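Data block below; observations after.
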Amino acid sequence: MIELKISINKIKAGNHMRLLISRFAAIIILVIPGLMAMKGFLMMKDAVFLYISVHGDERVTNPTFQWLSFGGGLFLFLLGIGFLGGWILFRDRKRNYVGPRFKKKRPKPDGPVRTNS
């Protein structure tokens, strides 16, 4: 009887550890797009700031905007925010937290259903 209780406790501990690892993996999956969005925002901010700050320098004759850095930042920002927004919408639809505007569209039936009585 004691051996059975010990083995049951080991199984419960294994399930708990598996749940802990799966939750940690889910958090990591959400943190990575957040970091991408943050890096994209910072890249866009730096491109705009450097363009504005160069205008105050008299030694620069032809100030240029860093379009590649800004475009890459915009791409990272939209990708990260889009992933997080999609994940939140999916979760809220699953738990029925969204309003009627964001619910999945169901196909309407073709016509009234008649039964022959």
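The values are calculated or read from the model by the stated rules, or taken from the named source; none is laboratory data. None of the values given here were measured: they were computed from a predicted structure. Please note: Cβ atoms are built from the backbone with ideal geometry, for glycine as well, and neighbour counts cover all protein chains shown. These accessible areas exclude ligands, DNA and RNA; they are computed on the full protein's heavy atoms, side chains included. Shrake-Rupley method; radii C 1.70, N 1.55, O 1.52, S 1.80 Å.
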Name the residues in the range 68-107 that are under 13 Å from GLY40 (Cα atoms) and either open to solvent by 100 Å² or more (accessible area, probe 1.4 Å) or within 10 Å of the chain's Cα centre (by Cα) (or both), would you? LEU68, PHE75, LEU78, LEU79, GLY80, ILE81, GLY82
Could you please find all residues in the range 44-67 being under 22 Å from the mean Cα position of the chain (by Cα) and of a type outside the set (A, V, I, L, M, F, W, C)? LYS45
Would you point out the residue of the range 23-45, among those that are under 22 Å from TRP87 (Cβ atoms) and not hydrophobic (A, V, I, L, M, F, W, C), that is surrounded by the fewest Cβ atoms within 10 Å (Cβ to Cβ)? ARG23
Restricting attention to the range 46-61, which residues are part of a helix (DSSP H, G or I) and either of a type in the set (Gly, Ala, Ser) or open to solvent by 100 Å² or more (accessible area, probe 1.4 Å) (or both)? ALA47, PHE49, ILE52, SER53
